[in-house]
Amino acid sequence: MGHLDGKIALITGASRGIGRAVALSLAQAGAHIVLTARTEADLQQLAGEITALGVQALAAVSDLTQAADVARVQQQVQDTFGQVDILVNNAGVGKYGTIDQVSVEEYDWMMNTNMRSTFLCTKAFLPAMLERRAGHVVFVGSVAGLRGLPNEAVYCASKHAQYGFATALDHEVRDRGVKVSYIAPGGVHTYFAFGTGRNPDDPKLQEFLDAEDVAEAVLFAVTQPPKGRIFLIGMRPMREAL
Ligand code: NAP
């Protein structure tokens, strides 16, 4: 018996990195998993790994910045599972650099992927949670959502936006039975920002947190007793100062 037996969890940005690790972790705890991202081959591969664990997986290929794609995922979930109990808003992108190095297109790319997808997915799956008076919306935010950091102005803006959204949402839904959690990691060794400011060969990546560390925090947040909730988990690698 797992803590999440029979629950349905939808993970955004599940094709790699933190989202992939969260999907596996929640599946190991017994949840059926809806995997969303744009890269079909990676989602199908992960769906196979998840079904081998004895739970169901639905690979829903989607660009989550697009309202039509989110609506299609909503329909696929309705047809396959009927509901989502845990929504993990994880999909995200970033580019490092001073403000003069960030184009208008890159601003839209970060804000749309990090915040618009969060808005669209929450808007799609929260109402049914409120009707059932049960559910959990998790944000894989960042320490960049809690403070400004150099060379990350737009990324910080997008992650602060998610944090404001999450805190406001907690006020709206807490007394209607739905929990909200914001996970705020520092550096995590994934594919994040490869080609847009991080170098895969940088030895410093080895000292970052692993995706599985963040997945463990998500699992901890979603397995709290019914009368308690964890709103904020801050995580930093030992190499990073506060
Ligand atoms: P990653 O390895 O690059 O994974 C990013 C995920 O987002 C991929 O699955 C990608 O899938 C998905 N994605 C990007 N654009 C998308 C779109 N338009 N529609 C659907 N999915 C999309 O990065 P990661 O480190 O795991 O990042 C996950 C989250 O953690 C992000 O929100 C990030 O801000 C946050 N975070 C990361 C770190 C870090 O140091 N790595 C630290 C703190 C917080 P496709 O490309 O297949 O669509």
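Numerical summary
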quantity: Filter result for residue 164 (over 14 Å from the mean Cα position of the chain (by Cα) and either under 23 Å from residue 214 (Cβ atoms) or at pLDDT 95 or above (or both)); calculated: yes
quantity: Those residues of the range 181-199 which are within 14 Å of residue 155 (Cβ to Cβ), touching a residue at least 60 places away in the same chain (Cβ under 8 Å) and not in a strand (DSSP E or B), in sequence order; calculated: 192, 193, 196, 197
quantity: Looking only at the range 200-228, and only at residues there that are touching a residue at least 40 places away in the same chain (Cβ under 8 Å) and among the polar types (S, T, N, Q), the one that is farthest from residue 93 (Cα to Cα); calculated: 224
quantity: Selected residue (criterion: most open to solvent (accessible area, probe 1.4 Å)) from residues of the range 204-242 that are within 12 Å of the ligand (Cβ to nearest atom) and part of a loop (DSSP other than H, G, I, E, B); calculated: 236
quantity: Neighbours by Cβ (under 6 Å, 6+ apart or cross-chain): first from the range 107-133, closer than 12 Å to residue 91 by Cβ; second more than 10 Å from the ligand (Cβ to nearest atom) and at pLDDT 95 or above; calculated: 110/154; 115/161; 120/67
quantity: The range 48-70: number of residues that are within 14 Å of the ligand (Cβ to nearest atom), open to solvent by 10 Å² or more (accessible area, probe 1.4 Å) and either modelled with pLDDT under 95 or among the hydrophobic types (A, V, I, L, M, F, W, C) (or both); calculated: 5
quantity: Flag if residue 132 is among the basic types (Lys, Arg), at pLDDT 95 or above and surrounded by 14 or more Cβ atoms within 10 Å (Cβ to Cβ); calculated: no
quantity: Test: residue in the range 181-203 that is open to solvent by less than 70 Å² (accessible area, probe 1.4 Å), out of contact with any helix residue (DSSP H, G or I) (no Cβ under 8 Å at 6 or more places or on another chain) and farther than 28 Å from residue 101 by Cα; calculated: no
quantity: Among (1) assigned to a helix (DSSP H, G or I); (2) of a type outside the set (A, V, I, L, M); (3) more than 12 Å from the ligand (Cβ to nearest atom), the one test that residue 150 misses; calculated: (1)
quantity: In the range 79-111, the residues that are in a helix (DSSP H, G or I) and open to solvent by less than 60 Å² (accessible area, probe 1.4 Å); calculated: 106, 110, 111
quantity: Qualifying residue in the range 46-59 (condition: closer than 30 Å to residue 2 by Cα, part of a helix (DSSP H, G or I) and more than 20 Å from the chain's Cα centre (by Cα)); calculated: yes
quantity: Residue in the range 137-148 that is in contact with a strand residue (DSSP E or B) (Cβ under 6 Å, 6 or more places away or on another chain), more than 21 Å from residue 87 (Cα to Cα) and open to solvent by less than 80 Å² (accessible area, probe 1.4 Å) present; calculated: yes
quantity: Verdict on residue 164 being out of contact with any helix residue (DSSP H, G or I) (no Cβ under 6 Å at 6 or more places or on another chain), open to solvent by less than 40 Å² (accessible area, probe 1.4 Å) and assigned to a loop (DSSP other than H, G, I, E, B); calculated: no
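For every residue, the table says whether it meets (1) touching a helix residue (DSSP H, G or I) at 6+ places or on another chain (Cβ under 9 Å); (2) in a helix (DSSP H, G or I); (3) under 19 Å from residue 113 (Cα atoms); (4) near the ligand (Cβ under 8 Å from one of its atoms).
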site	(1), (2), (3), (4)
2	yes, no, no, no
5	no, no, no, no
11	yes, no, yes, no
15	yes, no, yes, yes
24	yes, yes, no, no
30	no, no, no, no
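The values are calculated or read from the model by the stated rules, or taken from the named source; none is laboratory data. This is a predicted model, so every value here is computed, not measured. Every residue, glycine as well, gets a Cβ built from its backbone with ideal geometry; the counts of neighbours run over all protein chains shown. Note: accessible area is taken over every heavy atom of the protein model, side chains too, but ligands, DNA and RNA are not part of it. Shrake-Rupley method; radii C 1.70, N 1.55, O 1.52, S 1.80 Å.
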